[in-house]
Amino acid sequence: MAENWQLHVTPNADNDPVFVGIGEIPTGKFPDRGFIEALTRVAILALNDAGMVPRDIDTILLIPNLHGAADQADLVFSRMVEELGIHGSAKSSYMVHSGGSTSDNAVRAAHGLIATGHAQNVLVLQCERWGSADLNEMITMLSKNGIPGEWELPTGIQFNAIGAMITRRYMHASGSTPAEMASVCVTLRNWANLNENAMFYTKPLAVEQILASRMVADPLHSYECPPMADGACAFVMTSAGNARRRGISHGVRVAGSGGCVSHYCLSQEADQAVLGWPLAAERAWNQSGWGPHDAHIAEIYDSYAAVTTIALEGIGIAEKGEGARWFAAGNGDPGGKLPMNTNGGLLSAGHTGVGGGTALLVEGIRQLLHRAPSKRQVEDCERAIIGGSGGSYMDAQILLLERTKLGA
């Protein structure tokens, strides 16, 4: 960690957007938990955490679901405004969608609305029922959506195959072994064992178990593929001035933001072992005034281990070619050099579709607000790297967040 970087301790400008509250419910398989029920529960949890009530919210931004068109339509047509009792007073309700990077872009949308005065208090909501959805329908969806129909779909490619190709390319470029790749999953499971909301809470995992599990898409074993889950989470953003007037002493601000859309067809990606992370990181670091070794945690999209090791290297946390070995050395574990995906990530907290990235963002905000359970809270956590990626890892999106003092 750099010792010469000073945390902002003076009050932010009145219109500087900040995160002030989060909500989350357990992730796993909950067939009896309704979609709207889950959204309403996390909305109320986030509002309570922010010290607000529904009538304080003037804008709702929605993270899409992938489990069914009818529930998606309810979101698009503003059902949650009515469920929260703010019909007539709410100014806007709409959806943002870019796959696994949606939460990054929803933050940018909320940030712009608040900074320009178009919104005062924004509630961002996400719910997914992948774990309880019809399995055959989900297999069909994951075999078609986001895969170019003209060029790649006829080959039979689907998302586990995409993950496998990226993994094979990364292993070749870095010289990483299967055991080193499996160590990423072990780190994530170690964090999930500290998270009561995680799908695999209290279920330890070892490298030997992973390598002995069924091969799904060479070189990916079943324990290296993301488990489809139900889940829901939410967060609240407001202006620093409004937060101060409400007596909120600390918030979380966006110190830097960067992105790169590198392809649509995976075959058009120049290097599957690099993707868009170096350019996205350069853009984010240029805004923030701090670098990768100033961060206290990182929450980076992990639908497959290689997705995260490639990001680690592109962001500058690990040396090129050393991402998997960085994990194998325990650097991302509880108590490690840079705690990584402290909720367990998609691979152990559960893959909630587009919401997998949202859950990582919410965990980052939780850590920076110092509201994680004591067994999982990273000590003196002040700065976080958030990373998301959508589709066939078409983009790399980075938010650099920092805890900030708002008032007395």
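The values are calculated or read from the model by the stated rules, or taken from the named source; none is laboratory data. Since the structure is predicted, the reported quantities are computational estimates derived from the model, not experimental observations. As a convention, Cβ positions derive from the backbone with ideal geometry for all residues, glycine included, and neighbour counts pool all protein chains shown.
Kindly indicate which of GLU299, GLU322 is of a type in the set (Asp, Glu), in contact (Cβ under 8 Å) with a residue 12 or more places away in the chain and surrounded by fewer than 24 Cβ atoms within 10 Å (Cβ to Cβ). So the residue among GLU299, GLU322 that is of a type in the set (Asp, Glu), in contact (Cβ under 8 Å) with a residue 12 or more places away in the chain and surrounded by fewer than 24 Cβ atoms within 10 Å (Cβ to Cβ) is GLU322.
Can you tell me how many residues within the range 325-369 are closer than 25 Å to ILE63 by Cα and either surrounded by fewer than 24 Cβ atoms within 10 Å (Cβ to Cβ) or of a type in the set (Val, Ile, Thr) (or both)?
Of the residues in the range 325-369, 7 are closer than 25 Å to ILE63 by Cα and either surrounded by fewer than 24 Cβ atoms within 10 Å (Cβ to Cβ) or of a type in the set (Val, Ile, Thr) (or both).
Of the residues making up the range 15-38, one or more are more than 14 Å from ALA234 (Cβ to Cβ), touching a Leu at 6+ places or on another chain (Cβ under 8 Å) and either outside any helix (DSSP H, G or I) or at pLDDT 95 or above (or both).
Scanning the range 117-161 for residues that are charged (D, E, K, R), more than 15 Å from HIS67 (Cβ to Cβ) and touching a residue at least 24 places away in the same chain (Cβ under 8 Å) yields one hit, GLU152. Among the criteria (1) surrounded by fewer than 18 Cβ atoms within 10 Å (Cβ to Cβ); (2) more than 30 Å from ALA372 (Cβ to Cβ), the one THR202 does not fulfil is (2). Taking first residues from the range 364-387 that are free of Cβ contacts under 8 Å to residues at least 12 places away in the same chain and partners that are of a type in the set (S, T, N, Q) and not in a strand (DSSP E or B), the Cβ contacts under 8 Å between residues at least 6 apart in sequence or on separate chains come to GLN377/GLN367. Looking across the range 270-294, the residues that are surrounded by fewer than 24 Cβ atoms within 10 Å (Cβ to Cβ) and assigned to a loop (DSSP other than H, G, I, E, B) come down to ALA270, ASP271, GLN272, ALA273, VAL274, GLY289, TRP290, GLY291. Here THR167 meets the list (1) touching a helix residue (DSSP H, G or I) at 6+ places or on another chain (Cβ under 6 Å); (2) within 25 Å of ARG376 (Cβ to Cβ) almost entirely, failing just condition (2).
Only a single item in (1) within 17 Å of GLU269 (Cβ to Cβ); (2) polar (S, T, N, Q); (3) surrounded by 15 or more Cβ atoms within 10 Å (Cβ to Cβ); (4) more than 22 Å from the chain's Cα centre (by Cα) is not met by SER101, and it is number (4).
Residues satisfying the criterion are present in the range 63-71 (criterion: in a strand (DSSP E or B) and at pLDDT 95 or above). Return a yes/no flag: does the range 103-110 have any residue that is under 17 Å from VAL254 (Cβ atoms), in contact with a Gly (Cβ under 7 Å, 6 or more places away or on another chain) and at pLDDT 95 or above. Yes - at least one qualifying residue is present in the range 103-110. On the basis of being more than 21 Å from THR358 (Cβ to Cβ), modelled with pLDDT of 95 or more and in contact with a Cys (Cβ under 9 Å, 6 or more places away or on another chain), does VAL186 make the cut? Answer is no for this residue.
Taking the criterion of being under 23 Å from ASN160 (Cβ atoms) and in a strand (DSSP E or B), the residues of the range 92-148 that qualify are SER98, GLY100, GLU128, ARG129. Any residue at all in the range 72-90 that is surrounded by fewer than 23 Cβ atoms within 10 Å (Cβ to Cβ) and under 19 Å from GLY357 (Cβ atoms)? The answer is yes, given that some residue of the range 72-90 is surrounded by fewer than 23 Cβ atoms within 10 Å (Cβ to Cβ) and under 19 Å from GLY357 (Cβ atoms).
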